[in-house]
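What follows is a single structure, written as structure tokens, with notes after it.
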Amino acid sequence: LLEKMADVSLKEAALIVGVVAACYWNSLFCGFVFDDVSAILDNKDLHPSTPLKNLFQNDFWGTPMSEERSHKSYRPLTVLTFRLNYLFSELNAVSYHFLNLVFHVVVCIVFLKVCKLFLDNRSSIVASLLFAVHPIHTEAVTGVVGRAELLSSIFFLAAFLSYTKSKGPDNTIVWTPIAVTVFLVAVATLCKEQGITVVGICCVYEVFIAQGYTFPTLLDTAVQILRGKGSIPFSMLQTLLKLIVLMFSTLLLVVVRVQVIQSQLPVFTRFDNPAAVSPSPARQLTFNYLLPVNAWLLLNPSELCCDWTMGTIPLVESLLDVRNIATLTFFGFLGALIVFSLRYPGDSSKTVLMALCLIVLPFIPASNLFFPVGFVVAERVLYVPSMGFCILVAHGWKKLSNKSVLRKISWVCLSAVLFTHALKTLHRNWDWESEYTLFMSALKVNKNNAKLWNNVGHALENEKNFERALQFFIQATQVQPDDIGAHMNVGRTYKNLNKTKAAEESYMIAKSLMPQVI
């Protein structure tokens, strides 16, 4: 039955292709912006003259992994697809954007296949369509560098689908799908690091869905065994064996990955992620507050911004900060869902559990909770977590639309959500057209980030528009007076305008801000 259910018909695939094309056709007119510049325009690993082995020795930006300045993001397979684009069209941006669009379509179709394991047909299509049009994905789909998310997601979902086939008749273990899963996890991780989190999702699926345990039954069995009254049931031993094999192979992947980093963590500045270098409790309060910020972006993706570093989100420094209410609400809501999904048997709680796993586990590497990352909030890392969000929304919508009173209104609301999201996505794609449009759109949302003011200034400076560039650079120095780069930008622009006295003053300020001993 599951096999029949999980197949995607041609009609459904065509619908997804149509919807994605309608939302993203204008991304083909965008250029290379922001991180694309260092990952593609300046990356020697794309050139046919560079030996292929370099891809596997360098990080995502073409810096050798062994160097200290390397960002340690090891994604050779993503760089390989950039290289194929380069072979095909050199640095013509259209082919890069087109391939991203194709990958997004593939993710949506594979995601539909996954949804059908936990939702009925209609809700699955709803979840998949919501995923296809959600504006939070513009950074991953329209920003060329976002391809790492797209590729990783394809193999992430494929690994999970493969794992669901590992239970044979009479609960026997089928080993081939497990081997395929491990291989696909490795591939996903070579596209982007968080691919490895799919192992956690497979484990939860095995225990709570395939074997159908609930938390209370597991607890009972454990208590019985500890009291010496019962032995471990055979089915549980089999489950344990599968989990051990999965965990062991994952551990191997982690070991290899750590070898590749050469066991140094990348170094980020306090501008990239201000909370990471703050004292307790500000650090913990801020990192926890970022979770509701991300959740809010999924619920209401109206104010999108390409760069959330520096002063975008002021630190939460005391327990009395009103923003802590958002954190508490978020954890309350999440806790309620977790309790519901683990305590009660039944299809609904299984669906909620899988949705929660898809939200929480892939987000953990980006959450700052275990190790610092080089950003505060990044919309692209919500690409996989938004899958879980879409399943939750579709599941809730199904519950509402089954009640006769609410049927009409639930359809109206759903249509409105899909339509507004699609329009927002289409509109947001134009922001990625050039550096100037991207950073100007970011400044509408966010005036406290000096990096954005500087970047608009750079874009204008590249067009030789020094007068206007100067205004943006000066604004950057006002927003972040200790930003050395901003003062140097001001000085350089004054020099270009032949105002040497003013240039000298700016350079002197920059010099006074430099650390004394270098």
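The values are calculated or read from the model by the stated rules, or taken from the named source; none is laboratory data. Note that the structure is a prediction, hence the values are computed from the model and not measured. Every residue, glycine among them, receives a Cβ derived from its backbone with ideal geometry; neighbour counts consider all protein chains shown. Surface accessibility is based on the protein's heavy atoms, side chains included, excluding ligands, DNA and RNA. Shrake-Rupley method; radii C 1.70, N 1.55, O 1.52, S 1.80 Å.
Of note:
- Fraction of the pair-distance distribution of segment 108-206 above 23 Å, Cα-Cα pairs, percent: 31
- Cα-only Debye scattering, segment 368-518: base-10 log of I(q)/I(0) at q = 0.22 Å⁻¹: -1.30
- For Ile173, the residues whose modelled amide H falls within less than 5 Å of its own, excluding neighbours fewer than 5 places apart on the same chain, are Gly168.
- Above-threshold pairs, the threshold being 23 Å between Cα atoms, out of Lys113/Lys403; Lys464/Lys499; Lys116/Lys350; Lys72/Lys165: Lys113/Lys403; Lys72/Lys165
- When you filter the GluC sites (Glu not before Pro) in segment 422-518 for DSSP loop state and at most 14 other Cβ atoms inside 10 Å of their Cβ, you are left with Glu463.
- For percent of Cα pairs over 47 Å apart, the value calculated from this model appears in (1) 31; (2) 42; (3) 14 under label (3).
- Annotation for segment 446-518: trypsin sites (Lys or Arg not before Pro) lying in DSSP loop with at most 12 further Cβ atoms inside 10 Å of their Cβ are Lys464.
- Low-density loop cleavage sites - trypsin sites (Lys or Arg not before Pro) in segment 1-91, where at most 10 other Cβ are within 10 Å (DSSP): Arg69
- Helix 215-226 and the long axis of the chain differ in direction by around 70°, with both axes built from C-alpha atoms.
- The P(r) of segment 449-513 has a tail past 21 Å containing 12 percent of all C-alpha pairs.
- Percent RCO, i.e. relative contact order, over segment 52-142, from Cα pairs under 8 Å lying at least 6 residues apart: 19
- In the chain, the calculated helix contribution to ellipticity at 222 nm averages -20500 deg cm²/dmol per residue, counting -39,500 (n - 2.57) for every DSSP H run with n ≥ 4.
- Derived from the Cα gyration tensor, the three semi-axes of the equivalent ellipsoid of segment 170-298 are 36, 23, 15 Å, largest first.
- Here segment 281-403 is treated as an ellipsoid with the same Cα gyration tensor; its semi-axes, largest first and in whole Å, are 28, 16, 14.
- When all protein chains stay in place and ligands, DNA and RNA are ignored, the 1.4 Å accessible-area order of Met236, Met247, Met514, largest first, is Met247, Met514, Met236.
- Of every Cα-Cα pair in segment 278-318, the percent that sits beyond 13 Å: 58
- Segment 338-405 and segment 1-74: distance between their alpha carbon centers, rounded to Å: 24
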